[in-house]
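Working notes, beginning with the structure itself.
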Amino acid sequence: MGDGPHHHSRLDPLAALRAPGDPPRDVYLTGTVFLDIIFTGLASAPARGTESWARGMGSSPGGVANMATALARLGLKTSLAAAFGDDHYGEYCWDELEQGEGIDLSPSRRVPGWHSPVTVSMAYEGERTMVSHGHEPPPEEPVPVCPPRARAAVASLTPGRRAPWIAEAAKRGTRIFADVGWDGTGAWDLAGLADLEHCEAFLPNAEEAMRYTGTDCPRAAAHALSERVPLAVVTLGAEGAYAVDGRTGETAAVPAIAVEALDPTGAGDVFVAGFVTGTLAAWPLADRLAFAGLTAALSVQEFGGSLSAPGWSEVAAWWRRVQSYESQDPAALSRYAFLDRLVPEECVEPWPRRRAVPTIGFRGSA
């Protein structure tokens, strides 16, 4: 992927907090890795019975790899448990994550005779359309019930179903950050998210939060959720995000950064990664929200899921650039002043830095 560890300035956001006896990993993840093939530069949605030509194409690990890559690029020691097919796609994804991004795959496994799940994503007009194909990995390949020690874990909750590893990880002191997908059953029963009791933070989007709480306002939903989980964060898309710390009563609201969105793939994962980073680094709640929103905004300006996750060099370059605008609102700038103490000068690279867009089969700098 031409964008591996040698191409990212690896700033360690937890450097000041590290101590002997700490868990060897900062964040643990488990889930499904897809091979994402992304078509870009489509003028419009493909029309039935016609052939469309895309101006660009890329491929990268997707699915849970989006989150793993976003965390690793922000300098967190990231560990991933996933099944990888023993086909070329699986080999490519394994190599990109382990060698390219420095992600610990020791809890992962290769499954003989199982082909990698694939998603084809078409980006146009700031939206995306996806087609996926895959098979469940063999039942004898379970998620490790006893996950490795880590400061934090990110879990995707499934209505009506517990994931035993979540309780086990929480019991061993791992801080659980959770999101949730769309409830296809239409039940939207908060009690059905049983593993929420083990979570430190819950980060649904506004629609999910309101449906689960029966409220008609995202802020009211966040307050209702904070009675079930210590920290409720509701993402509001173009409106930013709102958070409630149920332990202290503190609230924070941060507006979104206005950007031209090329491809929203993986932006939610990048937001969670930014928030986890700030939380583990013990930043104030509003700074965590602002940083999460910033990293998500930077990601939608690039194509692809894991491909688009920003590292510290992009954060630093953005911060230097927006300060150079004469018309910049000082109040808006002050919201991000905390970046001054985080981003060293040597992080800055020329802006904009287009990403390598890898295609399977090339070797070397592809």
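The values are calculated or read from the model by the stated rules, or taken from the named source; none is laboratory data. Quick caveat: nothing in here was measured; it's all calculated off a predicted structure. Ideal geometry is used to build each Cβ from the backbone, glycine not excepted, and the neighbour counts take in all protein chains shown. Keep in mind that these areas ignore ligands, DNA and RNA; they rest on the heavy atoms of the full protein, side chains included. Shrake-Rupley method; radii C 1.70, N 1.55, O 1.52, S 1.80 Å.
The table below gives the values:
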{"quantity": "Test: residue in segment 137-153 that is part of a helix (DSSP H, G or I) and open to solvent by 40 Å² or more (accessible area, probe 1.4 Å)", "calculated": "no"}
{"quantity": "All positions within segment 170-205 that are at negative phi, small (G, A, S) and more than 20 Å from the chain's Cα centre (by Cα)", "calculated": "A170, G184, A187, A191, G192, A194"}
{"quantity": "Looking only at segment 89-104, and only at residues there that are acidic (D, E) and over 19 Å from the mean Cα position of the chain (by Cα), the one that is most open to solvent (accessible area, probe 1.4 Å)", "calculated": "E91"}
{"quantity": "Per-region count, segment 33-55, residues touching a helix residue (DSSP H, G or I) at 6+ places or on another chain (Cβ under 6 Å) and among the β-branched types (V, I, T)", "calculated": "1"}
{"quantity": "Extreme residue, modelled with the highest pLDDT, among residues of segment 263-277 that are crowded, with 19+ Cβ neighbours inside 10 Å and not in a helix (DSSP H, G or I)", "calculated": "G266"}
{"quantity": "Filter result for G62 (open to solvent by 30 Å² or more (accessible area, probe 1.4 Å) and touching a helix residue (DSSP H, G or I) at 6+ places or on another chain (Cβ under 7 Å))", "calculated": "no"}
{"quantity": "Matching residues in segment 299-357 - criterion: being at pLDDT 80 or above, assigned to a loop (DSSP other than H, G, I, E, B) and open to solvent by less than 70 Å² (accessible area, probe 1.4 Å)", "calculated": "A309, P310, G311, R335, Y336, L342, V343"}
{"quantity": "Test set (1) modelled with pLDDT of 80 or more; (2) touching a Pro at 6+ places or on another chain (Cβ under 9 Å); (3) open to solvent by 10 Å² or more (accessible area, probe 1.4 Å) - D287 fails condition number", "calculated": "(2)"}
{"quantity": "Which listed residue, of M122, M130, is modelled with pLDDT under 90 and buried (at least 19 other Cβ atoms within 10 Å of the Cβ)", "calculated": "M122"}
{"quantity": "Candidates D36, D86, filtered to the one that is among the acidic types (D, E), touching a strand residue (DSSP E or B) at 6+ places or on another chain (Cβ under 7 Å), modelled with pLDDT of 90 or more and open to solvent by 30 Å² or more (accessible area, probe 1.4 Å)", "calculated": "D86"}
{"quantity": "Filter pass, A252 being touching a strand residue (DSSP E or B) at 6+ places or on another chain (Cβ under 8 Å), part of a helix (DSSP H, G or I) and modelled with pLDDT of 85 or more", "calculated": "no"}
{"quantity": "Lone qualifier among L17, L76, L71 - being out of contact with any Phe, Trp or Tyr (no Cβ under 7 Å at 6 or more places or on another chain), surrounded by fewer than 17 Cβ atoms within 10 Å (Cβ to Cβ) and touching a residue at least 24 places away in the same chain (Cβ under 8 Å)", "calculated": "L17"}
